Structures are given as structure tokens and as C-alpha cells.
Amino acid sequence: MLNLGHIVYSNCYPIHAGILTGKIPFPFKITPGIPTELNRYLIEGKVDVSPSSSIEYAVNAGKYLILPGLSITSRDRVMSIILESRFPIEELDKKSVALTTASATSVVLLRIILELFQGVIPDFTTYEQGKEDPYGLADATLTIGDLAIKRAAASSLPHVYDLGELWRRETGLPFVFALWQVNYRKNIEKDLARLYDILIISKQYGLSRMEELAGSGADQFGIPAETLLQYWGSFSYDFGPLEQKGLMAYYRHAAELGVIDAVPDLRIWTRGE
């Protein structure tokens, strides 16, 4: 039986809501986790399909297929990937910057923004989001997910940067944070086709019921319904030519940093092949 990964943050909810609420029959397993956990589960084969960090696809080039028509992509401001800083971003050279271990894609995105776009090289440290509190110690801190949405609204630090907005300002492109990736084997093809069809139905269900889901999800995620609606409205959940262009630009910058060996080809799953 196939196992589907699920990002526990609210950004994934519109796509999986039909499955999670039981409105759409789902004959497979589902495993929740934060992005870095799901990356690990996917490469280890503990999940077969997952919305997984876009950098994971490139780091393990050739290991995965990408399901078509599905992504978590910010058009501009993303709201849930923020850098809180005591200094303007261009003054962070040799300053301490704390990176959450919950995300892989966002860490590389921040490095691109700081090192390539701003020309600064900070002193990076890491922390476990939700368990450690670096905000009073580091000069700047990267936070992701629902916690970032809440912190951005009440940050005590003088500079709060939205990484999706900074990327868009520099490149003019959307930013792909996650792709539905498959740890593919030929013996899963029949079940994978069935799972994919369910995901597309669940996506249609969720995107057509955003207000309803925001109302029911406000208590679940601890975020006001109107904020959830604004947040979900900032995303493209598709994976068309513009999203792919943004993703390839990210991979080129990641290769420039030496994070990945080369820019990978996009291997998109096609039914029956």
C-alpha cells in the first residue's frame, strides 16, 4: 500500500483537505511531518509520494519523479518564510544568522539572497524550531511555516523580511517551495495513477472551498480565517511553465553556491510510462 507524506503546516492543507477530512475516499496510508522529516522519509522509502522540499529533488538528482500539476509556489510574498533581523539585510556580513532545521529549501533560498544577491556572508548556526529559542541570541533568525506567520505579525525585531518577496523582487519569478515527488518503482505504477487522480480531485475540492476550509482551519492552525485565506491566496498550487522557470532559476543559483553539483532535468511522471 502506498504511503503519502503530508506537510503539517497550513500551506499544504488546501491540496490534501479532501483526503484529510474524509470527504474523498483514500485507500492509502498518510504520514504527517515537517518538510525535512518528509525529505528523509522519501529518500528512505518510508513514504512513496510526498510534497517535499524542492531542493531535495536536486540534491538527490535522479532519485525522484515529479507529479505534474502540483506544487507549493509563492507568486510574490509568501508570509510563512521570514527572516527577523536586528540589522538591515545588507549589513549581515559576519553577523550571526540562525537557520531552522525544519526546512531545506528555505535555508538555501536565504543563502542565495544573502550571499549572491546581497554579497554578505554571515556566520550561520542552526536551531530546532519550536524547541529552541534563538531570537534573543542571533542577529537574525530564519523561521518557516505557521510559526513564521504568527511571528511576522508580532516581531520585536526592527527588520522582518519575507523571502518570497525578496526572491520575486530580484528575479521577477515565482518561487517553488515544494513539489509532489515520487520515490518511483515500476511495481507502484497502478497505485500511483490512482493516488494521483485522488490528489487532483482533492486539490479541486480544496481550492473550491477555501473560505470553508479557512473557517474550519482557524482553530486547527491557530491562525485567523482571514489570514489563512490571504495566505493560501498567495500561492500557486500548479506546476506550469512559469513555476518551472522559477524552479530552474533557483537550481542555477544553488549550483552557483555549490549546494548541488549541477542543475537537474525535471523528470515529470507520465501515466503509463
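The values are calculated or read from the model by the stated rules, or taken from the named source; none is laboratory data. Remember, predicted model here, so these are calculated numbers, not experimental data. Backbone-built Cβ (ideal geometry, glycine too); neighbour counts: all protein chains shown. When the accessible area is computed, the model is the full protein with side chains, heavy atoms only, and any ligands, DNA or RNA have been set aside. Shrake-Rupley method; radii C 1.70, N 1.55, O 1.52, S 1.80 Å.
Of all the accessible heavy-atom surface of segment 121-185, with the other protein chains kept in place and a 1.4 Å probe, what percent is carbon and sulfur?
Heavy-atom surface of segment 121-185 belonging to carbon and sulfur, 1.4 Å probe: 47 percent.
Using only the Cα atoms of segment 1-48, what do you get for the radius of gyration and for Dmax, in Å?
Over segment 1-48's Cα set, Rg and Dmax evaluate to 10.7, 30 Å.
Can you work out the accessible area per residue across segment 112-227, with the rest of the protein chains kept in place, probe 1.4 Å, in square angstrom?
49 Å²
Only Cα pairs under 8 Å and at least 6 apart count here; give the relative contact order of the chain as a rounded whole percent.
It comes to 31 percent, rounded to a whole number.
Looking at the chain, what % of its DSSP beta bridges pair antiparallel, to the nearest 5?
About 60 percent, rounded to the nearest 5.
Between helix 241-257 and the chain, what is the angle of the helix's C-alpha long axis to the longest principal axis, kept within 0 to 90° and rounded to the nearest 10?
So the inclination is approximately 50 degrees.
Give the angle, between 0 and 90 degrees and rounded to the nearest 10, that separates the Cα long axis of helix 210-221 from the longest principal axis of the Cα atoms of the chain.
Long axis of 210-221 versus the principal axis of the chain: about 60 degrees.
Once the other residues with Cβ under 15 Å from the Cβ of residue 261 are scored (Lys, Arg +1; Asp, Glu -1), what is the net sum?
-1
Which GluC sites (Glu not before Pro) from segment 107-150 combine a DSSP loop assignment with at most 16 other Cβ atoms within 10 Å?
128
With runs of 4+ DSSP H residues as the only contributors, calculate the mean residue ellipticity of the chain at 222 nm using -39,500 (n - 2.57) per run, divided by the residue total and rounded to the nearest 500.
Counting only the DSSP helices, I get -11500 deg cm²/dmol.
What residue among 182, 207, 12 has its Cα farthest toward the positive end of the dipole of the chain, where the charges are +1 on Lys, Arg and -1 on Asp, Glu, each on the Cβ?
182
Which order, highest average first, do 57-63, 243-249 follow once you tally other Cβ atoms within 10 Å for each residue and take the mean per peptide?
243-249, 57-63
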